[in-house]
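All remarks here apply to the structure that follows.
The values are calculated or read from the model by the stated rules, or taken from the named source; none is laboratory data. Here the structure is a predicted model, which means the values were calculated and not measured. With ideal geometry, Cβ positions are generated from the backbone for all residues, glycine too; neighbour counts draw on all protein chains shown. Heavy atoms of the whole protein, side chains included, go into the accessibility calculation; ligands, DNA and RNA do not. Shrake-Rupley method; radii C 1.70, N 1.55, O 1.52, S 1.80 Å.
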Amino acid sequence: MRTLKLYGMKVISFLSLMIPLTLASEAPIINPKARFHPVYGTSGMVVTQEAIASQVGANILAEGGNAIDAAVASGFALAVTLPRAGNLAGGGFMVIHLAAEDKTIALDYREMAPADSHREMFLNEAGDVDKKIARYSIKSSGVPGTVAGLLHAQRTYGVLDLETVLSPAIKLARDGFKVSLDLSSSLSSRYERLSSNPASKRYFYKPTGEFYQPGEVLVQKDLAHTLERISRHGRAGFYEGKTAKLIVEEVKILGGLITFADLKNYRVIIREPVCGSFHGDTICAMPPPSSGGVHLIQMLNILEGWDLRSLGHNSAAYIHRLAETMRRAYADRSTYLGDPDFFSVPVDDITDKNYASALRSGISLTKATPSTDVQSGLDIDPETLLIGNTLGDNESSETTHFSTWDQWGNAVSNTTTLNFSYGNGISIPGAGFLMNNEMDDFSAKPGTPNAFGLLGGIANAIEPGKRPLSSMTPSIVFDKTGSPLLVTGSPGGSTIITTVLQTILNVLVFEMGIAEGASVPRVHHQWFPDRLLLESGISRDTLNLLSQMGHNIGEADYVLGDTQSIQRGPKSSLFGVSDPRRPGAAAVAQ
Ligand code: DON
């Protein structure tokens, strides 16, 4: 029997007699048809790609932190426990829903091109892109944004103090943590590249050169000291003082461009998320300099015009419509997407429902359109969208996603990256962290694809202070009443946007629970190369039908994306799901 304290006296609550009944009717019913099951929670959830980091975030929620505190704590923990993607010297995007204000904001902490960078910096004497320099040299590093971004989010929207939020990451780095099977195997598979950098070799392999085995403890003392400096001095603990000195000195030795001024001038930008509607629900995601939100909304607009549910999930007819839609969106991406502070991205035109109808009516329902016959459907000369002087004197696998949700209804969708797995493989000696190779996300030469096969032009040319175009798509879906329904996002380079698209369609159109929606096979098309990639698990008959329609089928030799999602269930319950595609991830309920 429950008792209530009334005027200091304990009294038996008659209401309490009704509570079991109320609770019984509130308990979510397990779907007897579900083949996949999420983690269930009632007051908070943290989902990341690495189990220890998820627990860190959940503990912060338990200490009274909100979704933003949890996201920042998990973000710093991932820099320790998932070094291939979690980072201090990378960048990312955070979409934050603030329940009390019923407001959603998009925080841009993408890397910036150093002041000394210029449009042709990755071209060799023959005028071709030198991929080695663009991807593996210190010149491939943009000015890091992660520390500024996480600190800005925590200070502005968090409720705990920074010390509390950072202390789990410091402890993990200082005292070490047990290496997972995933980390052990990823470090051994990258030995060649990482061991060619003396600091990386020292940080990620034993002094004998042996690999860390699962269950052994990895200690990162230099990283712990860097995190302590950040905890003590905030932003200045990274962008100034000792950490900055360590970065700039190493960059200089290796012939890079990042200076003290670049670090000091790094700016986080708060942007309006790009939002659209799909059959009455609202989707908000990251605007430029990510292409993610714009093309997610554009593709949903095109797909809204067909009765997808009646086609059946992953039928040939459905996949054909997806592929043709994706092909057209990525054609626009290559011409019109870039950093909006340098190029006036026509966001409203691309996300316009009438434009979507026009693109839809150009799609044959029986035949694939060769990509060579598809150009952007917008008739805007990109030269007219340039902002300022673009000639360089304007002085002005691996990514990871995590989602958090708190008892007050605040939610965070965050994707962060060093670009490649372990970035360019270069660690800063004495500072304990890896550098990004995000400069390869710029279009180093029109017509030459970047590492993800993505094409670009003047909209995404390198300029000092500019942010390279991204595909990261942290997203929040709101139901018809405006309440958050789904928080999701993914790594996967160019496949990020199409992964998030299908995850959202699985939930909104096919009414899958998020566990199933995250698990079923995905497809991907990006205009060029003209190839429809399919994960395993799609039937041979379907592949044959798609081939007969003229699609160039490629079975993906890697998985498409790796979502970390939270879905609101009945009566404000929460369902958390880590994509089963990669090991070691976890959803942890508070
Ligand atoms: O910002 C982007 O779009 C890329 N740098 C993301 C790279 C990535 O997702 C690699 N990991 N899977």
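Using the charge dipole of region 51-125 (Lys, Arg: +1 at Cβ; Asp, Glu: -1 at Cβ; taken about the Cα centre), state which of Y109, M121, A51 has its Cα farthest towards the positive end.
So the residue we want is A51.
In terms of solvent-accessible area of protein heavy atoms at a 1.4 angstrom probe, what is the ranking of K242, K139, highest value first?
The ranking, largest first, comes out as K242, K139.
Heavy atoms only, 1.4 Å probe, whole protein assembly: order E511, E438 by accessible area, highest first.
E511, E438
Would you kindly find the accessible area of V412, with a 1.4 Å probe and non-protein molecules such as ligands, DNA and RNA excluded, rounding to the nearest 10 Å²?
Spelled out: V412, probe radius 1.4 Å, area about 0 Å².
Is there a quick way to get the dipole size of region 538-590? I mean about its Cα centre, with the Cβ of Lys and Arg at +1 and of Asp and Glu at -1; what is the value in debye to the nearest 20?
Computed charge dipole of region 538-590: roughly 320 debye.
Strictly over 18 Å apart at the Cα level, which of K171/K206; K103/K264; K103/K480; K201/K245; K171/K264; K139/K252 would you flag in this model?
The pairs that break the limit, which is 18 Å between Cα atoms, are K171/K206; K103/K264; K201/K245; K171/K264.
Give, in nm to one decimal, the length gained when the segment between S357 and D130 is fully stretched (0.36 nm per residue of separation minus the Cα-Cα distance).
Additional length available on full extension: 77.6 nm.
Stretch D349-V159 to full length: gain in nm at 0.36 nm per residue minus the Cα-Cα span?
64.5 nm
Taking a point 7 angstrom from the Cα of A34 along the C-beta vector, which residues in region 562-583 have backbone N less than 19 Å away?
Only 563-581 fall inside the zone, counting backbone N under 19 Å.
Please say if the chain is rounded, prolate or oblate, where rounded means a/c under 1.5 for a ≥ b ≥ c the square roots of the C-alpha gyration tensor eigenvalues, and otherwise the choice is prolate for a/b larger than b/c and oblate otherwise?
oblate
For a test of the definition: using alpha carbon positions, the gyration tensor, and the 1.5 limit on a/c, classify region 197-327 as rounded, prolate or oblate.
Note, shape of region 197-327 comes out prolate.
Just the accessible area for M45, please: 1.4 Å probe, Å², rounded to the nearest 10?
The accessible area comes out at roughly 0 Å².
Between region 43-116 and region 233-294, what is the C-alpha centre distance in whole Å?
14 Å
Select from region 503-569 those chymotrypsin sites (Phe, Trp or Tyr not before Pro) which occupy a DSSP coil region and have at most 15 other Cβ atoms within 10 Å, ordered by residue number.
Loop-located and lightly packed - Y558.
Apply the a/c threshold of 1.5 to the C-alpha gyration tensor of region 221-260 and tell me whether it is rounded, prolate or oblate.
Judged from the Cα gyration tensor, region 221-260 comes out oblate (a/c at least 1.5, b/c at or above a/b).
How much solvent-accessible surface does V47 expose, in Å² to the nearest 10, with a 1.4 Å probe and all protein chains in place?
Approximately 0 Å² of V47 is accessible to the 1.4 Å probe.
Provide the three semi-axes, in whole Å and in decreasing order, of the ellipsoid equivalent to region 396-528 as defined by the square roots of 5 times the Cα gyration tensor eigenvalues.
30, 20, 15
Just to confirm, what accessible area per residue do you get for region 75-152 at 1.4 Å probe, in whole Å²?
Averaged over the residues of region 75-152, the accessible area is 29 Å².
As an exercise, identify the chymotrypsin sites (Phe, Trp or Tyr not before Pro) in region 116-224 lying in DSSP coil whose Cβ has no more than 10 other Cβ atoms within 10 Å.
Passing sites in region 116-224 do not exist.
Give me the percent of the accessible area of the chain that comes from carbon and sulfur atoms, probe 1.4 Å, all protein chains in place.
In the chain, the share of accessible area belonging to carbon and sulfur is 53 percent.
Suppose only helical runs count, i.e. DSSP H with n ≥ 4. What mean residue ellipticity at 222 nm does that imply for the chain under -39500 (n - 2.57) per run, divided by all residues and rounded to the nearest 500 deg cm²/dmol?
For the chain, the value works out to -10000 deg cm²/dmol.
Per residue, how much accessible area does region 269-308 have with a 1.4 Å probe, in Å²?
24 Å²
Over the Cα atoms of region 472-571, each weighted equally, I'd like the Debye log10 I(q)/I(0) at q = 0.11, 0.12, 0.19 Å⁻¹, rounded to two decimals.
Debye curve over Cα of region 472-571, log10 I(q)/I(0) at q = 0.11, 0.12, 0.19 Å⁻¹: -0.36, -0.43, -0.93.
Report the full-extension gain for the segment E272 to A100: residue separation times 0.36 nm, less the Cα-Cα distance, to one decimal in nm.
My answer for the length gained is 60.2 nm.
For D373, put the label point 7 Å out on the Cα→Cβ axis and report which residues of region 517-548 keep their amide N under 17 Å from it.
The answer is 527-528, 530-532, 546-548.
Given Cβ point charges of +1 (Lys, Arg) and -1 (Asp, Glu) and nothing else, what value in debye, to the nearest 20, does the dipole of the chain about its Cα centre take?
Around 1540 debye, computed over the chain.
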